[in-house]
Every structure is written in C-alpha cells, then in structure tokens.
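The values are calculated or read from the model by the stated rules, or taken from the named source; none is laboratory data. For clarity, every value in this text was computed on a predicted model and none was experimentally measured. Note that we place each Cβ from the backbone using ideal geometry, even for glycine, and neighbour counts take in every protein chain shown.
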Amino acid sequence: MGTTAYARGALLLVPAIVSVLSSSPVFAETQKLALSQVVEFSLQNNGDLKSFREEKGIRDAGKVRAGLLANPTLDFEAGTGALTGSSTENSLSLGVSQEFFLAGKRGKRLAVAERELETYRWQVADRERLLREEVKTAFYDVILTEQRIALSDRSIALNRQLLDVTKERLAAGDIPELEMNLVKVELARSEAARIDVEKALNQNQAKLWTLMGLLPDEQPAIGGAFETEISMTKNLVELKQLARKKRPDVKALEAEKTRGEADIALAQAEGIPNLTAGLAFRLETTSMEIGGIEGKDTAYTIGLKLSMPIPVFDRNQAGVQEARAKQSSTDSRLTAATRNAEWEVETAFASFLNAGKVLSLYKSNIIPQLEENLKLTQEAYRLGEVGILSVIQEQKKFFEVSDGYLLALHDHQTALVKLESAVATELSGGAQ
C-alpha cells in the first residue's frame, strides 16, 4: 500500500518538472514595462546621458562666438597747455576704430564650430548606443533571475511533495527514516538556493533602475521573455559593412577629421593679420600774438587711420603645425576605431553563433534526453529496481540542466544585444 502510494506520488514529478521550462515568473498585478519602453525611458532619464546632452549649450555658444564680429573701439583724447604755460592751447579728439577679419576668418571659424557641433552629435549617439546595450543586458539579467526564481519555486514544491510521500512511506514502514531526512536536506538546499537567487534579482534590478534613472522608491514591474528562435539573415561581411556605415563612434571621428581640415584652413588664415580702420574727429585750439594782440585759432580735422601688423616673424606657423598634428592624430584614431569596430563585430558574431549552437544542443539533445532519463528512473523505482537516491539525483540533475538551459537562452539573447550594439543596427530592422 505504502509503496504504491509513493510510486503514484513519484510519477507525478514528471509532468510537474517538464512544465518548468514553459512556466513564466509571477509578477504583481501592475502594468509591466516591455523592453522597448525600458530602453526609451532610459534614453530620456539616464543621469549621465542627460548631463552630456546639456553640454550641447556649450557647443552652441561656441558657434555663436565664432560668428561674432570684433567690438568697435572708442578713442577719446583731451589735451591742455595749462601745465606748460599755454593755457589757451587745448585739443580734443574723438575717434572710433573697428577691426576687420581678413582671409575669411569668420567663415572659417564658423566652419570649425559647425564641425565641432557635428562631432558632438555623433558622440551623443554613441553614448545612446552604449546605454542601449547596457540597459538591454541588464533587462535580460533581471529576466534570467526572475525565471530562476520560478525554477527554484518549482524545485521547492517538488521537494515538499516528495517529502510528503516519504512521510507516508515511513509511517507505513516501507523506508528507513534516513530517506526522509535526505529529502529534508534537499528541501533545505532548494530553499537556500532561492534566497541566493533573490539576492541576485535585487542586485540586477537595482542596476537596471539606476540605468533608467529611477528614484529609490520607484520599482516598476517589467515584462519580457527570451526568444527561443533568433534567425540571422546577414553574414559577417554585411555586418562589418553596416558597422562602418552606422557606428556613431566612427562617424564622430570622421566629423573630427573634417574639423581638423577646417582647423588647418583657419590656422593658415590666422597667419594673415587683421585690418583695423579708425575714423577720428579732432578739435585743436591754438593762440598767437601779432602786434601785441593775442588771438585764438580753432582747427577742426577729420582723420582716417588704417593699421595692420606686419607678419614678419609670426605668421602663425605654430598654429598651422598644431592643427596638422591634431589632424594626423585624428586620422590614426579613425583608422584604429574602424579596425576595432570590425573586430568587435567579428567577435560578437562568433559569440552569437556559438551561443546558438549551445542552445540548439539543449533543445534538441540535452533536455529531451534528460526527460527520458527521469521517466526511466521513475519507472524503475515503481518496479522496485532503484531507491530514493536515484530519484533525488535525477531530479537534482534535471533542475541543474534546466538552469543551464535558462543560462543558454540568456547568453544567446545577450549575444544578439552585443552584436546589434557592435553593428549599431537593430538586426530586426532600423538603425540604433
């Protein structure tokens, strides 16, 4: 009687365990944020990204400054002969001068400022790309730990069920007390494992909330799952071509290279001095004595003054040399960045393919075979050919492999995230 009851209880383990992989984590009855919503929210509220976006005002101010003309100069001069005994002799001069940029300096400065602004825009896009990758990875880390908690809950439930069966058999005198104690140990182990997974979930959630820019008391529910089938329609050559066209860090260096050309043109123009033109009004009073009669004479003059430094020693040779050195440095960094982007794509693509192979092995060979082994063990126990340890070992193995399967799903999904970030393109369509 006791053996039959235990056999029926043990056979119930099979459908319950098989259902683990298809079960989904339990969430609170609140609106769940999908991955796209989490990413969009992060792009709008991440503290570091928001701070960097605010720097656009600095670039805009630089462009405004580059387009401004030099302020005119007001000159005022007054003189008197009172201190030299000629109190009747006085002079007054009032003038205005203006510096004029030659060699198109103003336009060249505007070109440099515009290239600087373009470089900044690509830098913002690159930070968004990296944040998008980090947020997606953190999102799937949370999904993994949530599904591990669901797996732990199922393990606890099955161990408790097994414990009830052993209690019945022990009461019937079919098994020694040691078998029930072994099941109690397995139950305690599964409960401790769940505590560890809960700790990991809290850590992963905290990381995701930080990336999203949430306040400490804001903890929204998220909803998502791993894709079990991810098809890749592009080959490695196509992915590298996409990276060269789409990567914002490469685009930023290309914009910086064009800025280097504008810097050289400006530095060469700075070698030509500016012209300063001034217009002055002068009033001068003098006195003279003729035949004992003193008379005063007042003269009014208007003068034009042109001045320009003579570029004998300094023709901005140092500025031109510095601009060319910066452009050479940018060329080297652009070459290195393009090469690194291709290597990153190649590495990410290889990781994606390898993760897909591992996942395929789990789905086609490991999981089905493990289920078959568990069924055979259960049947052998029913026939009295194996003991409780065999059941415990097979159950433990099943949950360990099930956890490995979840990890394989996670690795495959995050490998796709890494590949999409390396290519700077959503491979399902659209640029990042």
* Asked: Is it the case that L242 is under 30 Å from R129 (Cα atoms) and touching a residue at least 12 places away in the same chain (Cβ under 8 Å)?
  -> yes
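How do the helices (runs of 4 or more DSSP H) wholly within region 317-432 filter down when requiring 2 or more residues that are over 30 Å from E227 (Cβ atoms) and modelled with pLDDT of 95 or more: which remain?
On the way: elements: 317-361, 367-382, 388-423.
Those helices (runs of 4 or more DSSP H) span 317-361.
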* **Out of V142, V64, sole residue that is β-branched (V, I, T), surrounded by fewer than 17 Cβ atoms within 10 Å (Cβ to Cβ) and either over 24 Å from the mean Cα position of the chain (by Cα) or within 30 Å of A221 (Cα to Cα) (or both)** => V64
* To do: List every residue pair whose Cβ atoms lie under 7 Å apart, where the two residues are 6 or more positions apart in sequence or sit on different chains, the first residue falls within region 182-205 and is farther than 30 Å from L170 by Cα, and the second residue, located anywhere, is among the basic types (K, R).
  => V197/R148
* To do: May I ask you to list the residues in region 76-95 that are surrounded by 14 or more Cβ atoms within 10 Å (Cβ to Cβ) and of a type outside the set (G, A, S)?
  => T80, T88, E89, N90, L92, L94
* **Per-region count, region 305-344, residues of a type in the set (V, I, T), surrounded by 11 or more Cβ atoms within 10 Å (Cβ to Cβ) and without any contact (Cβ under 8 Å) to a residue 12 or more places away in the chain** => 1
* Say whether the condition of being without any contact (Cβ under 8 Å) to a residue 24 or more places away in the chain and not assigned by TED's automatic domain parsing to the domain that holds L201 is met by at least one residue in region 245-252. => no
* To do: Check whether at least one residue in region 238-260 is touching an Asp or Glu at 6+ places or on another chain (Cβ under 9 Å) and farther than 26 Å from L117 by Cβ, and report yes or no.
  => yes
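Any residue that is in a strand (DSSP E or B) and out of contact with any Ser or Thr (no Cβ under 7 Å at 6 or more places or on another chain) - is there at least one of those in region 262-275? Lay out the reasoning, then the answer.
Within region 262-275, the first condition is being in a strand (DSSP E or B), and the residues that meet it are 275.
If we keep only those that are out of contact with any Ser or Thr (no Cβ under 7 Å at 6 or more places or on another chain) as well, we get 275.
Yes: one or more hits.
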* Asked: Of the residues that make up region 291-303, is at least one of a type in the set (D, E, K, R) and farther than 25 Å from E89 by Cβ?
  -> no
* Report yes if some residue within region 95-105 is at positive phi and either in contact (Cβ under 8 Å) with a residue 40 or more places away in the chain or of a type in the set (K, R) (or both); otherwise report no. => yes
* Could you tell me which numbered condition V197 fails, if it satisfies all but one of (1) of a type in the set (V, I, T); (2) buried (at least 18 other Cβ atoms within 10 Å of the Cβ); (3) part of a loop (DSSP other than H, G, I, E, B)? => (3)
* **Tally of residues being loosely packed, with under 11 Cβ neighbours inside 10 Å and over 20 Å from D126 (Cβ atoms) across region 32-59** => 1
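Okay, residues lined up against (1) farther than 16 Å from A262 by Cα; (2) small (G, A, S); (3) in the same structural domain as A299 (by TED's automatic domain parsing); (4) not in a helix (DSSP H, G or I):
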site: L49; (1), (2), (3), (4): yes, no, no, no
site: V64; (1), (2), (3), (4): yes, no, no, no
site: A78; (1), (2), (3), (4): yes, yes, yes, yes
site: L83; (1), (2), (3), (4): yes, no, yes, no
site: V96; (1), (2), (3), (4): yes, no, yes, yes
site: K108; (1), (2), (3), (4): no, no, no, no
site: A113; (1), (2), (3), (4): no, yes, no, no
site: T119; (1), (2), (3), (4): no, no, no, no
site: W122; (1), (2), (3), (4): yes, no, no, no
